[in-house]
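Below is one structure; the comments refer to it alone.
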Amino acid sequence: RLKQDGYEISDDDELESDNNECVIVTESRVQYHTYPYGSSQKTGFYCDQRDNRLDVAKLCDGKRVLDLCCYNGGFALNAMVHGGASSCIGVDSSQDAIDAAIANAELNGLDESRIQFVRDDIAQYMKDANEDAKQYDVIVLDPPKLAPSVSGLERASRKYHALNRDAMKIMDKNEGGLLLTCTCSGAMTQKDGGNFFLQTVQNAALSAGRQVTLLRKSGAAPCHTQSPASYPAGNYLTAALFYVSPESK
(Lines give C-alpha, C1' and ligand atoms only; values in the text may rest on other atoms or scores of the structure.)
Protein backbone atom coordinates (compact mmCIF):
# COMPACT_ATOMS: atom_id res chain seq x y z
CA ARG A 1 0.00 0.00 0.00
CA LEU A 2 2.87 2.38 0.75
CA LYS A 3 4.23 1.87 -2.77
CA GLN A 4 0.79 2.64 -4.19
CA ASP A 5 0.83 5.93 -2.28
CA GLY A 6 4.17 6.89 -3.81
CA TYR A 7 6.56 5.96 -1.01
CA GLU A 8 9.88 4.37 -1.87
CA ILE A 9 10.37 1.08 -0.06
CA SER A 10 13.81 -0.53 -0.01
CA ASP A 11 14.37 -4.26 -0.23
CA ASP A 12 15.50 -4.20 3.40
CA ASP A 13 12.19 -2.64 4.43
CA GLU A 14 10.29 -5.34 2.57
CA LEU A 15 12.27 -8.05 4.32
CA GLU A 16 11.55 -6.45 7.67
CA SER A 17 7.84 -6.36 6.86
CA ASP A 18 7.80 -10.17 6.87
CA ASN A 19 8.99 -10.26 10.48
CA ASN A 20 6.44 -12.28 12.47
CA GLU A 21 7.95 -11.45 15.84
CA CYS A 22 5.31 -11.47 18.57
CA VAL A 23 5.00 -8.48 20.88
CA ILE A 24 2.91 -8.78 24.02
CA VAL A 25 0.92 -5.64 24.78
CA THR A 26 -1.07 -4.82 27.90
CA GLU A 27 -4.35 -2.94 27.88
CA SER A 28 -6.26 -2.44 31.13
CA ARG A 29 -4.21 -5.23 32.74
CA VAL A 30 -5.18 -7.68 29.98
CA GLN A 31 -2.36 -9.04 27.83
CA TYR A 32 -2.49 -9.78 24.10
CA HIS A 33 -0.20 -11.25 21.47
CA THR A 34 0.33 -8.77 18.63
CA TYR A 35 2.43 -8.78 15.45
CA PRO A 36 3.26 -5.15 14.57
CA TYR A 37 6.17 -6.05 12.30
CA GLY A 38 4.31 -8.43 10.01
CA SER A 39 3.36 -7.84 6.39
CA SER A 40 -0.33 -7.44 7.22
CA GLN A 41 -1.94 -4.03 7.66
CA LYS A 42 -3.34 -5.29 10.97
CA THR A 43 -1.31 -5.95 14.12
CA GLY A 44 -3.70 -8.43 15.71
CA PHE A 45 -5.22 -5.79 17.96
CA TYR A 46 -7.81 -3.00 17.74
CA CYS A 47 -7.29 -0.07 20.09
CA ASP A 48 -10.52 1.72 19.20
CA GLN A 49 -12.69 -0.50 21.43
CA ARG A 50 -10.43 -0.05 24.47
CA ASP A 51 -12.85 1.94 26.64
CA ASN A 52 -15.89 -0.01 25.47
CA ARG A 53 -14.27 -3.33 26.40
CA LEU A 54 -13.57 -2.12 29.91
CA ASP A 55 -16.93 -0.40 30.40
CA VAL A 56 -19.04 -3.40 29.45
CA ALA A 57 -16.79 -5.74 31.47
CA LYS A 58 -17.78 -3.94 34.66
CA LEU A 59 -21.39 -5.05 34.04
CA CYS A 60 -20.57 -8.76 33.69
CA ASP A 61 -20.24 -9.91 37.31
CA GLY A 62 -21.73 -13.39 37.52
CA LYS A 63 -23.13 -13.12 33.99
CA ARG A 64 -23.13 -15.49 31.02
CA VAL A 65 -21.35 -13.55 28.28
CA LEU A 66 -21.43 -14.15 24.53
CA ASP A 67 -18.82 -12.33 22.43
CA LEU A 68 -19.81 -12.45 18.74
CA CYS A 69 -17.17 -11.70 16.10
CA CYS A 70 -14.74 -11.97 18.99
CA TYR A 71 -11.53 -11.64 16.93
CA ASN A 72 -8.71 -12.01 19.48
CA GLY A 73 -11.14 -12.22 22.42
CA GLY A 74 -10.91 -8.67 23.75
CA PHE A 75 -14.44 -8.30 25.11
CA ALA A 76 -14.52 -11.84 26.53
CA LEU A 77 -11.10 -11.50 28.18
CA ASN A 78 -12.10 -8.23 29.83
CA ALA A 79 -15.37 -9.72 31.01
CA MET A 80 -13.40 -12.42 32.82
CA VAL A 81 -10.51 -10.32 34.13
CA HIS A 82 -12.43 -7.19 35.15
CA GLY A 83 -16.03 -8.33 35.30
CA GLY A 84 -15.95 -11.69 37.01
CA ALA A 85 -18.27 -13.25 34.44
CA SER A 86 -19.48 -16.74 35.29
CA SER A 87 -18.79 -17.89 31.74
CA CYS A 88 -17.73 -16.46 28.39
CA ILE A 89 -18.05 -17.83 24.88
CA GLY A 90 -16.37 -16.10 21.95
CA VAL A 91 -17.43 -16.89 18.38
CA ASP A 92 -15.65 -15.98 15.15
CA SER A 93 -15.59 -17.40 11.63
CA SER A 94 -11.79 -17.14 11.39
CA GLN A 95 -9.70 -19.99 12.75
CA ASP A 96 -6.74 -17.63 13.04
CA ALA A 97 -8.83 -15.35 15.26
CA ILE A 98 -9.97 -18.27 17.42
CA ASP A 99 -6.40 -19.51 17.79
CA ALA A 100 -5.30 -16.01 18.82
CA ALA A 101 -8.14 -15.70 21.34
CA ILE A 102 -7.30 -19.07 22.91
CA ALA A 103 -3.62 -18.09 23.13
CA ASN A 104 -4.58 -14.78 24.78
CA ALA A 105 -6.78 -16.55 27.32
CA GLU A 106 -3.86 -18.81 28.20
CA LEU A 107 -1.54 -15.80 28.37
CA ASN A 108 -3.82 -14.26 31.00
CA GLY A 109 -4.09 -17.48 33.00
CA LEU A 110 -7.85 -17.80 32.60
CA ASP A 111 -9.76 -20.93 33.54
CA GLU A 112 -10.50 -22.75 30.28
CA SER A 113 -13.63 -24.27 31.83
CA ARG A 114 -15.14 -20.77 32.07
CA ILE A 115 -13.97 -19.20 28.81
CA GLN A 116 -14.23 -20.88 25.42
CA PHE A 117 -13.74 -19.80 21.83
CA VAL A 118 -15.62 -21.40 18.95
CA ARG A 119 -15.11 -21.18 15.21
CA ASP A 120 -18.52 -20.69 13.58
CA ASP A 121 -20.56 -18.34 11.49
CA ILE A 122 -22.24 -16.13 14.09
CA ALA A 123 -25.63 -16.27 12.35
CA GLN A 124 -25.51 -20.07 12.41
CA TYR A 125 -24.30 -20.09 16.00
CA MET A 126 -27.21 -17.92 17.13
CA LYS A 127 -29.69 -20.04 15.18
CA ASP A 128 -28.38 -23.22 16.81
CA ALA A 129 -28.29 -21.58 20.25
CA ASN A 130 -31.91 -20.51 19.92
CA GLU A 131 -32.97 -24.01 18.86
CA ASP A 132 -31.04 -25.47 21.81
CA ALA A 133 -32.66 -22.96 24.20
CA LYS A 134 -29.32 -21.45 25.21
CA GLN A 135 -29.57 -18.06 26.89
CA TYR A 136 -27.12 -15.30 27.78
CA ASP A 137 -27.09 -12.28 30.07
CA VAL A 138 -24.62 -10.06 28.18
CA ILE A 139 -24.07 -10.20 24.43
CA VAL A 140 -21.46 -8.25 22.45
CA LEU A 141 -22.04 -7.98 18.70
CA ASP A 142 -19.07 -6.38 16.94
CA PRO A 143 -19.14 -7.45 13.26
CA PRO A 144 -16.67 -6.30 10.61
CA LYS A 145 -17.54 -3.41 8.32
CA LEU A 146 -20.81 -4.31 6.57
CA ALA A 147 -21.31 -1.04 4.70
CA PRO A 148 -18.04 0.01 3.02
CA SER A 149 -19.84 2.97 1.44
CA VAL A 150 -23.22 4.70 1.33
CA SER A 151 -24.23 2.56 -1.64
CA GLY A 152 -24.10 -0.53 0.57
CA LEU A 153 -26.26 0.87 3.37
CA GLU A 154 -29.54 -0.82 2.43
CA ARG A 155 -27.99 -4.26 2.22
CA ALA A 156 -25.97 -3.67 5.39
CA SER A 157 -29.00 -2.49 7.34
CA ARG A 158 -30.78 -5.76 6.56
CA LYS A 159 -27.77 -7.68 7.84
CA TYR A 160 -27.52 -5.57 11.01
CA HIS A 161 -31.25 -6.07 11.54
CA ALA A 162 -30.97 -9.85 11.27
CA LEU A 163 -27.91 -10.13 13.49
CA ASN A 164 -29.34 -7.93 16.25
CA ARG A 165 -32.71 -9.68 16.07
CA ASP A 166 -31.12 -13.09 16.47
CA ALA A 167 -28.90 -11.87 19.31
CA MET A 168 -31.94 -10.63 21.22
CA LYS A 169 -33.70 -13.95 20.74
CA ILE A 170 -31.03 -15.69 22.84
CA MET A 171 -30.97 -13.06 25.57
CA ASP A 172 -32.29 -14.36 28.91
CA LYS A 173 -36.01 -14.69 28.34
CA ASN A 174 -37.08 -14.13 31.94
CA GLU A 175 -34.71 -11.41 33.13
CA GLY A 176 -33.57 -9.77 29.90
CA GLY A 177 -29.99 -8.59 29.62
CA LEU A 178 -27.48 -6.24 28.03
CA LEU A 179 -26.58 -5.98 24.35
CA LEU A 180 -23.55 -4.02 23.21
CA THR A 181 -24.02 -3.75 19.47
CA CYS A 182 -21.45 -2.08 17.25
CA THR A 183 -20.94 -0.84 13.73
CA CYS A 184 -17.56 0.20 12.37
CA SER A 185 -19.12 1.36 9.10
CA GLY A 186 -18.79 5.11 8.81
CA ALA A 187 -21.72 5.26 6.42
CA MET A 188 -23.94 3.61 9.04
CA THR A 189 -22.63 5.68 11.95
CA GLN A 190 -23.02 9.01 10.14
CA LYS A 191 -26.42 8.52 8.51
CA ASP A 192 -29.15 10.65 10.10
CA GLY A 193 -26.74 11.83 12.76
CA GLY A 194 -26.24 8.30 14.05
CA ASN A 195 -29.95 7.60 14.49
CA PHE A 196 -30.18 5.27 11.50
CA PHE A 197 -28.20 2.53 13.25
CA LEU A 198 -30.14 2.96 16.49
CA GLN A 199 -33.42 2.71 14.59
CA THR A 200 -32.17 -0.44 12.90
CA VAL A 201 -31.61 -2.01 16.31
CA GLN A 202 -35.04 -0.81 17.47
CA ASN A 203 -36.68 -2.48 14.48
CA ALA A 204 -34.72 -5.66 15.19
CA ALA A 205 -36.10 -5.65 18.73
CA LEU A 206 -39.65 -5.50 17.42
CA SER A 207 -38.94 -8.49 15.20
CA ALA A 208 -37.51 -10.38 18.17
CA GLY A 209 -40.50 -9.61 20.39
CA ARG A 210 -38.38 -7.56 22.79
CA GLN A 211 -38.20 -3.97 23.95
CA VAL A 212 -34.90 -2.13 24.17
CA THR A 213 -33.70 0.85 26.17
CA LEU A 214 -30.60 2.72 25.06
CA LEU A 215 -28.27 3.08 28.04
CA ARG A 216 -25.21 4.54 26.37
CA LYS A 217 -23.83 5.34 22.93
CA SER A 218 -20.10 5.73 22.45
CA GLY A 219 -17.47 5.61 19.74
CA ALA A 220 -13.77 4.99 19.39
CA ALA A 221 -11.36 5.54 22.27
CA PRO A 222 -9.95 9.08 22.68
CA CYS A 223 -6.67 8.11 21.02
CA HIS A 224 -8.70 7.97 17.78
CA THR A 225 -9.05 11.72 17.42
CA GLN A 226 -11.63 13.21 15.09
CA SER A 227 -11.66 16.19 12.76
CA PRO A 228 -15.25 16.50 11.51
CA ALA A 229 -14.44 19.21 8.98
CA SER A 230 -11.30 17.80 7.36
CA TYR A 231 -11.80 14.07 7.96
CA PRO A 232 -15.45 13.12 8.62
CA ALA A 233 -14.58 9.45 8.03
CA GLY A 234 -12.92 9.50 11.45
CA ASN A 235 -16.39 9.22 12.92
CA TYR A 236 -16.85 5.57 11.99
CA LEU A 237 -17.51 3.56 15.16
CA THR A 238 -20.76 3.32 17.08
CA ALA A 239 -21.01 1.15 20.17
CA ALA A 240 -24.55 1.20 21.55
CA LEU A 241 -25.38 -0.43 24.88
CA PHE A 242 -29.02 -1.51 25.20
CA TYR A 243 -31.01 -3.10 27.96
CA VAL A 244 -33.08 -5.84 26.32
CA SER A 245 -36.35 -6.61 28.06
CA PRO A 246 -37.56 -10.09 28.96
CA GLU A 247 -39.46 -11.92 26.24
CA SER A 248 -43.02 -10.71 25.75
CA LYS A 249 -45.60 -13.13 27.10
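The values are calculated or read from the model by the stated rules, or taken from the named source; none is laboratory data. If you're wondering where the values come from, they're calculated on a predicted model, not measured in any experiment. No Cβ is skipped: glycine too gets one built from the backbone with ideal geometry, and neighbour counts run over all protein chains shown. Each accessible area value is taken on the protein alone, full model and side chains, heavy atoms only, with ligands, DNA and RNA left out. Shrake-Rupley method; radii C 1.70, N 1.55, O 1.52, S 1.80 Å.
Here are a few things to note about the model shown:
- In terms of distances greater than 26 angstrom between alpha carbons, the cross-link table entries Lys173/Lys217; Lys134/Lys191; Lys63/Lys127; Lys145/Lys173; Lys127/Lys191; Lys58/Lys127 yield Lys134/Lys191; Lys145/Lys173; Lys127/Lys191; Lys58/Lys127.
- The per residue volume of the convex hull around the alpha-carbon atoms of the range 156-205 is 68 Å³.
- Extension gain, Asp61 back to Asn20 (0.36 nm per residue minus Cα-Cα distance, nm): 11.1 nm
- Taking only the alpha carbons of the range 96-136, we obtain Rg and Dmax values of 12.3, 34 Å in that order.
- Computed from backbone phi, the HN-Hα couplings of the range 55-71 come to 5, 6, 4, 5, 9, 9, 4, x, 9, 8, 10, 10, 10, 9, 6, 6, 6 Hz, rounded to whole numbers (Karplus: 6.51 cos²θ - 1.76 cosθ + 1.60, θ = phi - 60°; Gly and Pro given as x).
- Kirkwood-Stokes translational diffusion coefficient of the range 105-202, alpha-carbon pairs, 10 °C, 1.306 mPa s, µm²/s: 106
- Solvent exposure ordering (accessible area, 1.4 Å, most first) of Tyr160, Tyr37: Tyr37, Tyr160
- Highest average packing first - 96-105, 128-137, 177-186, Cβ atoms within 10 Å: 177-186, 96-105, 128-137
- If R0 equals 41 Å, the separation of the Cβ atoms of Asn195 and Arg114 corresponds to a calculated FRET efficiency of about 0.60.
- Accessible surface, the range 83-128, averaged per residue in Å² (probe 1.4 Å): 48
- Kirkwood Rh, angstrom, the range 26-152 [1 / mean 1/r, Cα pairs]: 15.0
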